Every structure is written in structure tokens, then in C-alpha cells.
């Protein structure tokens, strides 16, 4: 049992001691990514993507993740990112923490599988409530009780707030799943998640989401991240409808390749 590294970026100038560096991990059923960086200087030390070699219980996967991240001891914040598909956004003045289990029951037909976690999205004055797999949540809390949990939707909302322009969309692609958020004049219009099986499915979901919220696809600034490349059919097809589409810039100049795939990890 173990993992195999499918991608690694390592800074040759990395310091020997990392007391002020942050660590971020994105996990999913088949693997995880680790990024270590210094927030003040925007210096990336390492980015690694691991895949599990065999299919075994969550507890074993989380121990492998923990062993891998311990190779990069840091003194700063540690975040764990997960693109949870049960998500909703609730205005801050309407949110009641005591009701978050009730909110979760409205999001999924299997609420017993999830633990609700809320995150305040200050730029839009709302809470993002996401459902975390109970087994994953339990194992994370056992191994890393100090870890800060962040949903992928929360990070996309933060990136959306930072994006310039009036009509804007930020989207992330991961394992045939699209997570997407949109705003007009810094007013949040909506969020959604779509599974897709082909580039045509992707384009149908993406363009349909945009048309529903904006009425058309003209003059919309789009930022795209995740498992999509410039020569991929997904990117080529979406560019026909959204000519201004570009990859999310994480601001870390030392990470020169595939940086849009790790924009959520290198978020500040």
C-alpha cells in the first residue's frame, strides 16, 4: 500500500527551516495534492500530486496523506481543501448555526453521510455551507485537529470577489465535475455544480448556467482552473462562446507549469 507521485514541482532554493510557511492539501477519493508556500513572499516550496496505489478504507488513505505531508514540516497554517458537492449559500443575517443540520437535509437525499461545515464569505456577506463526508471529516479531525477545512466552493467565491470586471465567472474542473460561480457588479448571482461526461456536456452546463444568470454570453470575463489545458477540447469549445476566458492566476511566479490546477491550494 502506498501512493505514487504524478506531479511534482520543487523549488531548488527552498529554505532548510519553514517556520512561516503554510501548507494546503486537496483530497479526493483517488488521491491528494500537497502545496507548501510562504504567503508573505509568494514563494512556493513544493507542489505534489499523489494517487493511491490501491483501493482501501478512508482511514488508511488519511494515514498515507498524513505521512506524506509530514515530510514537509511547517509552522504556519495548514488547510485541507475538498470540492464538496452538497453546497448552499445563506445570507449572513439569515444564517443560524443551530439549523445547519436542517439546511443539509435540504441539500442531499443522504444527509446522514455528511457533516455540515460553514464558512463566512465576507466579500459577499454570506455563509457557504458544505457537506463533508463523515468518514473523511472524522479521520481528518483525528489526525489533524488543528487543520482548517475549506470547501472548493468557498475558494471559488473568494476568487470571484477578487476578479476584476462587471460580469464575471470563476469555474473549477475536477474529475469530470464542474463547480462554477458568477457575479455582476460584485453582486453574487449564483453558484452550481455539474457532473459531465464529455466536452459537449461541459459546454452545455457552462453556457446554460451563464445564460440563465446573465441572459446571454456576451462580454463575460471567465476564469477557469483545474483539470483543463489550453489545447483540450473543453477549453477550445468554451473559448468560442467566451473569448475572454483565461486560466486562474495564483500569483506564484515560481510555479511555472500547470499552475491553474493548483490555484485553490495556493489561495491566500
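Brief remarks on what is shown
- Taking a point 7 Å out from the Cα of residue 162 in the direction of its Cβ, the residues of region 193-225 whose backbone N falls within less than 20 Å of it are 221-225.
- Gap separating the Cα centres of region 50-109 and region 169-190, nearest whole Å: 19
- Taking 0.36 nm per residue of sequence separation and removing the Cα-Cα distance, the residue 11/residue 175 pair yields an extension gain of 56.3 nm.
- Among 69, 139, 29: highest mean-square fluctuation, GNM of the chain, C-alpha pairs under 10 Å: 29
- Translational diffusion coefficient (Stokes-Einstein; Kirkwood radius from C-alpha pairs) of the chain at 10 °C, 1.306 mPa s, in µm²/s: 82
- Burial ordering of 90, 5, 34, fewest other beta-carbon atoms within 10 Å first: 5, 90, 34
- Net length gained if the chain between residue 146 and residue 207 were fully extended (0.36 nm per residue, minus Cα distance): 18.0 nm
- Label reach from residue 53 (point 7 Å along Cα→C-beta): in region 1-41, amide nitrogens under 13 Å belong to 1-5.
- Of all the options 85, 63, 50, the one that moves most in a Gaussian network model of the chain with Cα springs shorter than 10 angstrom is 63.
- Pairs of Cα atoms in region 87-153 fall into 5 Å distance bins, from 0 up to the last occupied one, in shares of 4, 18, 25, 24, 18, 10, 2 percent.
- Cα point-scatterer Debye curve for region 3-76, base-10 log of I(q)/I(0) at q = 0.12, 0.25 Å⁻¹: -0.33, -1.13
- Of 203, 107, 142, the residue with the greatest mean-square motion in the GNM of the chain, using alpha carbon springs below 10 Å, is 142.
- Calculated log₁₀ intensity ratio I(q)/I(0) where the Debye formula runs over C-alpha points of region 131-268, q = 0.17 Å⁻¹: -0.94
- Rg then Dmax, both in Å and based on the Cα atoms of region 72-195: 15.0, 43.
- DSSP assigns beta bridges within the chain; of those with both partners inside it, close to 75 percent run antiparallel.
- Contact order normalised by residue count of region 61-182, Cα under 8 Å, 6+ apart, percent: 27
- Taking 0.36 nm per residue of sequence separation and removing the Cα-Cα distance, the residue 232/residue 135 pair yields an extension gain of 31.5 nm.
- Antiparallel content of DSSP bridges confined to region 23-166, in %, to 5: 75
- For region 83-146: relative contact order, % (alpha-carbon pairs under 8 angstrom, 6 or more apart): 39
- Computed over the chain, relative contact order equals 15 percent, with contacts defined as Cα pairs under 8 Å that lie 6+ residues apart.
Read-outs: derived from the displayed coordinates by stated rules, not from any lab. Values in this document were obtained by computation on a predicted structure and should not be read as measured data. Don't worry about glycine lacking a Cβ; one is built from the backbone with ideal geometry, like all the others, and counts go over all protein chains shown.
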